[in-house]
Amino acid sequence: MALAAPASDDLAVDIRDLTVTFASDGGDVHAVRGVTLDVRRGEVLAIVGESGSGKTVTARTILGLLPETAVMNGAVVLDGTEIVGLDKKELREVRGSKAAMIFQEPSTALNPVYTVGWQLAEGLRAHGSYSKAEAKAKAIEMLGRVGIPDPERRVDDYPHQFSGGQKQRIVIAMALALEPTVIIADEPTTALDVTVQAEILDLLRELRDQDGTAIALITHNMGVVADLADRVAVMFNGEIVETATVRDLFAAPQHEYTKKLLAAVPRLEIVDRQLPASAADADPVVEAKELVIEYGGRFGRPAFRAVDRVSFSIAPGEVLGLVGESGSGKTTIGRAIAGLTPVAGGSLRVLGTEMLGVKEREFRRRRSELGFVFQDPATSFNPLLTIARNVAEPLIVHGAAKGAAAVQAKVDELLEAVQLPKSYGERFPHELSGGQRQRASLARALALNPKLLIADEPTSALDVSVQARVLELFGELQERFGFATLFITHDLAVVDMLAHKVVVLHRGTIAEAGPTAGVLGDPQDPYTRRLIASLPVPDPDEQAARRAVWQATRDE
């Protein structure tokens, strides 16, 4: 469907025939090839595609944020100002006042040694004649506007004193402070819980509707696109392959790549997964009864109870989904099962060992029966070692392989099991994509044939199509090897794909638990209903209805 050409004064951003090339030791890399798109005032344009498609590079040209190795050709007009060719001083005038950016990871965007109020005021003073008192007053106003409670007090707090969702709100406040024409939101909800994500999307929607702010949304989450976007530009291999209104795109995608992206989105289908009868009669791999985990208070403060009287079990070969928001206690439980966090009360038996009061030397012999898949494999791999050496590390540490030849044969077998060519073993972690690194991480977790696998948000930062492949592979390996799994996540669609049972945690206690099909198909607790309503789905009409349900559940 052809889109009507907007009047020039309606355009916040106008990009024409943009080409970006990076110089590298291996030759020129053509990151963006002849891209033409625009962002209109009061509109959300979603730029979607997998990692490496060129979407972030395209968006960063709007602010002139490309490195010196980049060669840029074409036209990038921001609110009437041509960006290509501006010097550093002129770019500083544009940044913040005409366009601002919301980065994917707020923890790295905020300076940990300054208060959030100081950081908000810094941008104001850099672009205007604000006194110290005026800048602080404006900072308080902006914090209140983005929903930070008690902004008069919290303006003097440091970034580490805020939750992930609150830090993302602070970054949005910084972007809004100078009332820019356009906001560039680069994966603003990727690492957030679904309920916090829904709140951030609601805030961005208010900016569009009430202030007429133009938003360029960079994302791989098609549910977020359906929830927020007005138009969508699909990028593949540095080119725009399809542009359409959000409803036209979801109703009748034209390009094969767009169809593939939409097909890869996990959806709630309420699948009833049955365990083999033999698993029901076997002793549990993990059994928690009235489990209590506390973190000791400092400077005379009482201990904080992170997990309060939680009970559940994991049978051999069973996948248990542990879901909840940040701070619900799900990662704390995973760490306790691994023997990394002490148990304060109740009972927690892991592979036949009671973890209450356990000594490290008593549990050490059981560690070889545990496997771990972390959220970010890039930080869990040693960057100085090859992939093969990283995968072989558990075998060497636990003395499970004798000699380099035996290790190499086992590593090749593991890489092939996770569908990576064995030649990739000679590469270093930074030479693999995010999905490839996560596959290698899964190979390492399986190196010792574990009885229990602990997977902590293993797919939350992956592109939707890569996530789909990793989850499909995970399911195949789980059936093939028969290991029990604690799958920690905030994505209920992922739980629906993999888990036999689900435990929903809320503030350290169980809100609801049972077979996955029962909990997700007929949720009884208001918190579970809110989690389900918060999950974006790749359908604009259905998402609008779900948003109304979510708004209603906030008041329950």
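Less than 5 angstrom separates the built amide H of Ile184 from those of Ala100, Met101, Ile102, Ala216, all sequence-distant by 5 or more or on a different chain. For Lys422, the lysines whose Cα falls under 16 Å of its own Cα, not counting residues fewer than eight places away in the same chain, are Lys410.
Converting phi to 3J(HN,Hα) with the Karplus coefficients 6.51, -1.76 and 1.60 and the offset θ = phi - 60°, the stretch 369-381 yields 8, 10, x, 10, 10, 8, 5, 10, x, 4, 8, 8, 8 Hz in sequence order, with x at every glycine or proline. Label sites at Asp525 and Asn73, each approximated as a point 7 angstrom past Cα along Cα to Cβ, lie 5.9 nm apart. Neighbour counts of C-beta atoms inside 10 Å place Asp272, Asp10, Asp491 in the sequence Asp272, Asp10, Asp491, starting with the fewest. Residues Lys132, Lys330 in ascending order of nearby Cβ atoms (within 10 Å, fewest first): Lys132, Lys330.
What does the net charge come to around Glu542 if you take all other residues with beta carbon closer than 12 Å to its beta carbon, with K and R at +1 and D and E at -1? Result for the local shell: +1. Between the amide H of Arg40 and those of Ala12, distances stay under 5 Å, these residues lying 5 or more places away or on another chain, with hydrogens modeled in the peptide plane.
Cross-link reach is defined here as a Cα-Cα straight distance under 20 Å, omitting same-chain residues fewer than 8 places apart; for Lys138 the lysines meeting it are Lys98, Lys167. All C-alpha to C-alpha distances of the stretch 1-159, sorted into 10 Å bins beginning at zero, yield P(r) values of 9, 30, 31, 22, 8, 0 percent in whole numbers. For the chain, adding -39500 (n - 2.57) for each run of n ≥ 4 DSSP H residues and dividing by the number of residues yields -11000 deg cm²/dmol at 222 nm.
At a Cα cut-off below 22 Å, give the lysines reachable from Lys260, other chains included and same-chain residues fewer than 8 away excluded. Result set, ordered by chain and number: Lys55. Couplings for the stretch 531-538, taken from phi via the Karplus curve 6.51 cos²θ - 1.76 cosθ + 1.60 with θ = phi - 60°, read 4, 5, 5, 7, 6, x, 10, x Hz in order; Gly and Pro are left as x.
Ordering Val350, Val116, Val466 from the fewest to the most neighbouring beta carbons within 10 Å gives Val466, Val350, Val116. Of the Cα atoms belonging to the chain, the radius of gyration and Dmax stand at 24.8, 73 Å.
3J(HN,Hα) couplings calculated from phi for the stretch 323-339 with the Karplus curve 6.51 cos²θ - 1.76 cosθ + 1.60 (θ = phi - 60°) are, in sequence order, 10, x, 6, 4, x, 7, x, 5, 5, 4, 5, x, 5, 5, 5, 7, x Hz; Gly and Pro show x.
Calculate log10 I(q)/I(0) of the stretch 109-179 for q = 0.15, 0.17, 0.28 Å⁻¹, where I(q) comes from the Debye formula with a single equal point scatterer on each Cα and nothing for solvent. Normalising to I(0) and taking log10 leaves -0.39, -0.50, -1.44. Taken along the Cα-to-beta-carbon direction at a fixed 7 Å, the label points for Arg364 and Ala251 span 6.6 nm.
Amide H to amide H, with H built 1.01 Å from N, Glu512 comes under 5 Å of Val504, counting only residues 5 or more places away or on other chains.
The numbers here are math on the coordinates, done by the rules we state, and not lab data. Remember, predicted model here, so these are calculated numbers, not experimental data. We place every Cβ from the backbone using ideal geometry, glycine too, and count neighbours over all the protein chains shown.
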